[in-house]
Structure formats: C-alpha cells, structure tokens
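Engineer: My questions all concern the structure below.
The values are calculated or read from the model by the stated rules, or taken from the named source; none is laboratory data. Only a predicted model underlies this, so the values are computations on that prediction, with no experimental measurement involved. Here the Cβ positions follow ideal geometry from the backbone for every residue, glycine too, while neighbour counts run over all protein chains shown.
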Amino acid sequence: MDFDKIEIKKDPVIIFMGTPEFSVPVLEGLISKYKVRAIVTQPDKPVGRHGDIKFSPIKEVALKHNILCLQPNKIKDSLQEINALEPDLIITCAYGQILPLELLLIPRLGCINVHASLLPKLRGGAPIHHAIIDGYSETGITIMYMAESMDSGDIISQKKIKILDDDTASSLHDKLSILGRDLLLETLPSIISGTNKRISQDESLVTYGFNITRKDEKIDFSKTMRKIVNQVRGLNSWPGAYCIFDDKIMKVWSCYRTDKRYDFGLNGEIMAIYPDGFGVKCGNGEVVFTEVQLEGKKKMKASDFINGFHENLVGKILK
C-alpha cells in the first residue's frame, strides 16, 4: 500500500491498546500517520527457567517511539489515567482484556477494534487458528465499534483474504496483520470525519473462535483426514497439535492426506513408512506426518525421526 496517498488528519489524539506481535504492524502504521498519545498493553511477564522479564511486542514499539506506555493488571485500574489523556479515539488490536463500558464512553469518536475475522464469523480470541481448524475457505479483517459484549459491535469496514491449502496459523497471522494495518489506515479518515458506515451484525450468522485449550490441541484419530490436517495447520506454529507416542507427547507440525483406505488396523496406528514421513490410520483414511517433535527434543523431519528410531514403527499406536 502507498501510505502517502492516504488522506489523513493529524488532529485526533489516539490511544492504542494491544499486546502481541500481530498488533505491531497495525501500531507502526498508525504511528506513521497519526499522533498516538499513549499505548496500553499487558504487564511484563517472567519467562523461561530463570524467570527473565519479557516485554510485550507492543511495549517494545512504545519504547522505540518514546510513547507513554501503561500496563495495568486490570484495565479498570487505569480508567482515570486514560480519561486524563483526553483521547479522541481508542483503537484496540488483540489487547487481551474485555473493555468496560466506562472506558468505551471516554473517547468522543468511540472505541474501535481491529479484529482478525469477517464478523460476525469467529468472534473470540483465536479467530486465526479457528479459521483454518474449522475449514474456512476465506477470512479477513473487520474494523468495528466496540460494545460491551465480545466482538458484537457495529461493523465499519471489512476486507477478505483467501485461505490457501498450504496456509498455517503462522502464515495467515502474518498476512492478516498487514491487512489489518492497511484497512485501518484506509478506514480512519472516514471515522474521524464521521462519514463511515455503521452496520449491525447479523446475530443469526455468529460463530466463535474461542481461545485454544489443551483439548483443542489433542489429535483425535477417529476424525477425518481433512479435520486432522486442518487441526495441524491451524495450530502451527503455536501451540501445536499433539498425540501420545510411547507415553511421550509428540507434537505434529505438518502432515498431508493420502488416498489410501484401510479395512484393518486401529485409528492412530502407524500403517506405512514413506520417504518423507509415516502414515497413520484415521477415521476415513490415512494422514502422513512429515514434521514432528518428541517431548524434550527439537522439531525434526519425520524421515529423520524414522531413521533415528531403532525399531519398526509400523504397528505402533499413537493415542
């Protein structure tokens, strides 16, 4: 996108709220065209064995641009401070907390959200994962007004993107992050001038993309080939689909379907060895695992896993 061709107005005072890497291109694009008075992100968290403090990606942007950064444990704790900043507009993108009504009423131009789905489809905290897991052929970005209920506010603008057969949650994440930046910058002039559309969501079309749970990560080999492949793609590169191999967790990072059908064997049984992996029986056929990670080990090609395993894998049962 040629940002220089976008009509802008630098007058409105904006507060941006976000936390993960997905929000970074959106914020960087916003900073390039508008005054961002403050950034609100989640508190710093200890990570790793030694509990080292890690800043959120959005805090790193705030420090880089010398912008005030607020990190309340609960957003209600910062209502007075945010109100004192007199924002004209609050923009959120994957912030990680539900905003209370008191906050939504502060800015004169409202609170808007950059959401990674085509609402009312896939409301919730993991729309990118679920778009692939649930077999969607397309998804996109929605710019919307925020409401008290999760992702239920009026739609301002949307842009679609096709989900390709080789897309993973990681590749789709990156595409949608850039699409979110571009659509926000296209849409903001109309929001600021008060000429934007405001379309109510059709509640009869609502679906959900709730945060991923441990149960969502476990592969069920009674399911179809397509569902298992979509699950693996939709959980790559985080948190990863898994099964149990010899009482150890095995994450599966990539796989594909074959045209084989077995009238013998158990679901989850390793049926064949291929040059690029091993075939596992599932509900309606076979999936070939091509990249795996055994508990305590690094990711590896399934062919390397086979070569390093000193027993015949055929007949082993994955659970």
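Engineer: Return a yes/no flag: does region 210-223 have any residue that is among the acidic types (Asp, Glu), in contact (Cβ under 8 Å) with a residue 24 or more places away in the chain and closer than 29 Å to Pro127 by Cβ. Walk me through it before giving the result.
Structural biologist: Step one: filter region 210-223 for residues among the acidic types (Asp, Glu), giving 216-217, 220.
Those still in the list that are in contact (Cβ under 8 Å) with a residue 24 or more places away in the chain too: 216-217.
Adding the requirement that they be closer than 29 Å to Pro127 by Cβ leaves 216-217.
Within region 210-223, one or more residues are among the acidic types (Asp, Glu), in contact (Cβ under 8 Å) with a residue 24 or more places away in the chain and closer than 29 Å to Pro127 by Cβ.
Engineer: Sticking with this structure for a sec: Can you work out which of the residues in region 224-243 that are surrounded by fewer than 17 Cβ atoms within 10 Å (Cβ to Cβ) and touching a Gly at 6+ places or on another chain (Cβ under 9 Å) is farthest from Tyr95 (Cα to Cα)?
Structural biologist: Thr224
Engineer: How many residues are more than 27 Å from Asp88 (Cα to Cα), surrounded by fewer than 23 Cβ atoms within 10 Å (Cβ to Cβ) and small (Gly, Ala, Ser) when one looks only at region 111-139? Before the answer, list the steps.
Structural biologist: In the first step, residues of region 111-139 are kept if they are more than 27 Å from Asp88 (Cα to Cα); the result is 121-122, 126-139.
Filter once more, keeping what is surrounded by fewer than 23 Cβ atoms within 10 Å (Cβ to Cβ): 121, 126, 133-138.
With small (Gly, Ala, Ser) added as a condition, the list becomes 126, 135, 137.
Residues in region 111-139 being more than 27 Å from Asp88 (Cα to Cα), surrounded by fewer than 23 Cβ atoms within 10 Å (Cβ to Cβ) and small (Gly, Ala, Ser): 3 in total.
Engineer: How many residues does region 56-68 contain that are in a loop (DSSP other than H, G, I, E, B) and within 19 Å of Pro46 (Cβ to Cβ)? If you could, list the steps in order and put the result at the bottom.
Structural biologist: Initial filter on region 56-68 (in a loop (DSSP other than H, G, I, E, B)): 56, 65-67.
Add one more test, that the residue is within 19 Å of Pro46 (Cβ to Cβ), and what stays is 56.
Counting residues in region 56-68 that are in a loop (DSSP other than H, G, I, E, B) and within 19 Å of Pro46 (Cβ to Cβ) gives 1.
Engineer: Identify all residues within region 31-68 that are farther than 21 Å from Leu184 by Cβ, out of contact with any strand residue (DSSP E or B) (no Cβ under 6 Å at 6 or more places or on another chain) and in contact (Cβ under 8 Å) with a residue 24 or more places away in the chain; write none if there are none.
Structural biologist: Across region 31-68, the qualifying residue is only Pro43.
Engineer: While we're on this one: If you check Leu70, Leu79, which single one turns out to be touching a Ser or Thr at 6+ places or on another chain (Cβ under 6 Å), surrounded by fewer than 20 Cβ atoms within 10 Å (Cβ to Cβ) and among the hydrophobic types (A, V, I, L, M, F, W, C)?
Structural biologist: Numbers: Leu79 fails: touching a Ser or Thr at 6+ places or on another chain (Cβ under 6 Å).
Being touching a Ser or Thr at 6+ places or on another chain (Cβ under 6 Å), surrounded by fewer than 20 Cβ atoms within 10 Å (Cβ to Cβ) and among the hydrophobic types (A, V, I, L, M, F, W, C) holds for just one of Leu70, Leu79, which is Leu70.
Residue-wise test of (1) under 17 Å from Asn113 (Cβ atoms); (2) free of Cβ contacts under 8 Å to residues at least 40 places away in the same chain.
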site: Leu183; (1), (2): yes, no
site: Leu188; (1), (2): yes, no
site: Ser237; (1), (2): no, no
site: Tyr242; (1), (2): no, yes
site: Ile249; (1), (2): no, no
site: Arg257; (1), (2): no, yes
site: Asp263; (1), (2): no, yes
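Engineer: Considering only residues of region 244-262 that are in contact with a strand residue (DSSP E or B) (Cβ under 8 Å, 6 or more places away or on another chain) and outside any strand (DSSP E or B), which is surrounded by the fewest Cβ atoms within 10 Å (Cβ to Cβ)?
Structural biologist: Kept after step one, since they are in contact with a strand residue (DSSP E or B) (Cβ under 8 Å, 6 or more places away or on another chain), are these residues of region 244-262: 244-245, 248-262.
After this cut, where a residue has to be outside any strand (DSSP E or B) as well, the list is 258-262.
Numbers: Thr258: 14, Asp259: 7, Lys260: 14, Arg261: 9, Tyr262: 15.
Looking at residues that are in contact with a strand residue (DSSP E or B) (Cβ under 8 Å, 6 or more places away or on another chain) and outside any strand (DSSP E or B), I get Asp259.
Engineer: Let me ask another. Just checking, which of Ile53, Ile106 is more than 27 Å from Ile141 (Cβ to Cβ) and β-branched (Val, Ile, Thr)? If you could, list the steps in order and put the result at the bottom.
Structural biologist: Details: Ile106 fails: more than 27 Å from Ile141 (Cβ to Cβ).
Answer to the selection: Ile53.
Engineer: So, one more: Working carefully through the options Ile132, Ile82, find the one that is touching a Lys or Arg at 6+ places or on another chain (Cβ under 6 Å) and aliphatic (A, V, I, L, M). Please lay out each step first, then the result.
Structural biologist: Details: Ile82 fails: touching a Lys or Arg at 6+ places or on another chain (Cβ under 6 Å).
That would be Ile132, the only listed residue that is touching a Lys or Arg at 6+ places or on another chain (Cβ under 6 Å) and aliphatic (A, V, I, L, M).
Engineer: Find the residue count for region 285-319, including only residues that are among the aromatic types (Phe, Trp, Tyr) and either assigned to a strand (DSSP E or B) or more than 14 Å from Ile273 (Cα to Cα) (or both). Reasoning before the result, please.
Structural biologist: Keep residues of region 285-319 that are among the aromatic types (Phe, Trp, Tyr), which gives 289, 305, 309.
From the residues that got through so far, the ones that are either assigned to a strand (DSSP E or B) or more than 14 Å from Ile273 (Cα to Cα) (or both) too are 289.
Residues meeting the conditions: 1.
Engineer: If you don't mind, there's one more thing I want to ask. Just to check your reading of the model, which residue among Ser177, Ser204, Ser171 is in contact (Cβ under 8 Å) with a residue 24 or more places away in the chain and either assigned to a loop (DSSP other than H, G, I, E, B) or among the hydroxyl-bearing types (Ser, Thr, Tyr) (or both)?
Structural biologist: Values: Ser204 fails: in contact (Cβ under 8 Å) with a residue 24 or more places away in the chain; Ser171 fails: in contact (Cβ under 8 Å) with a residue 24 or more places away in the chain.
Result of the check over Ser177, Ser204, Ser171: Ser177.
Engineer: Turning to a different aspect of this structure: I'd like the residue in region 272-305 that is buried (at least 18 other Cβ atoms within 10 Å of the Cβ) and more than 16 Å from Thr258 (Cβ to Cβ) and, out of all such residues, is modelled with the lowest pLDDT.
Structural biologist: Looking at residues that are buried (at least 18 other Cβ atoms within 10 Å of the Cβ) and more than 16 Å from Thr258 (Cβ to Cβ), I get Phe305.
Engineer: In region 180-201, which residue that is part of a helix (DSSP H, G or I) and of a type in the set (A, V, I, L, M, F, W, C) is surrounded by the most Cβ atoms within 10 Å (Cβ to Cβ)? Walk me through how you get there before you give the answer.
Structural biologist: So in region 180-201, the residues part of a helix (DSSP H, G or I) come out as 180-193.
Add one more test, that the residue is of a type in the set (A, V, I, L, M, F, W, C), and what stays is 183-185, 188, 191-192.
On the way: Leu183: 22, Leu184: 24, Leu185: 19, Leu188: 28, Ile191: 21, Ile192: 20.
Checked region 180-201; the qualifying residue surrounded by the most Cβ atoms within 10 Å (Cβ to Cβ) is Leu188.
Engineer: State yes or no: is Ile91 surrounded by 13 or more Cβ atoms within 10 Å (Cβ to Cβ) and farther than 20 Å from Thr41 by Cβ? Step through it out loud before you land on a result.
Structural biologist: Details: surrounded by 13 or more Cβ atoms within 10 Å (Cβ to Cβ): yes; farther than 20 Å from Thr41 by Cβ: no.
Criteria not met by Ile91.
Engineer: For residues in region 298-319 being assigned by TED's automatic domain parsing to the domain that holds Gly240 and under 29 Å from the mean Cα position of the chain (by Cα), which is farthest from Val288 (Cα to Cα)?
Structural biologist: Here the answer is Lys298.
Engineer: Out of Leu235, Leu188, Leu205, which single residue is under 30 Å from Tyr34 (Cβ atoms) and at pLDDT 95 or above?
Structural biologist: On the way: Leu235 fails: under 30 Å from Tyr34 (Cβ atoms); Leu205 fails: under 30 Å from Tyr34 (Cβ atoms).
Only one candidate qualifies: Leu188.
Engineer: Which pairs have Cβ atoms under 6 Å, sit 6 or more apart or on different chains, and link a residue in region 287-303 that is over 17 Å from Asp166 (Cβ atoms) to one that is outside any strand (DSSP E or B)?
Structural biologist: Partner pairs satisfying both residue conditions: Val292/Ala302; Val292/Phe305; Gln293/Lys299; Ser303/Asp276.
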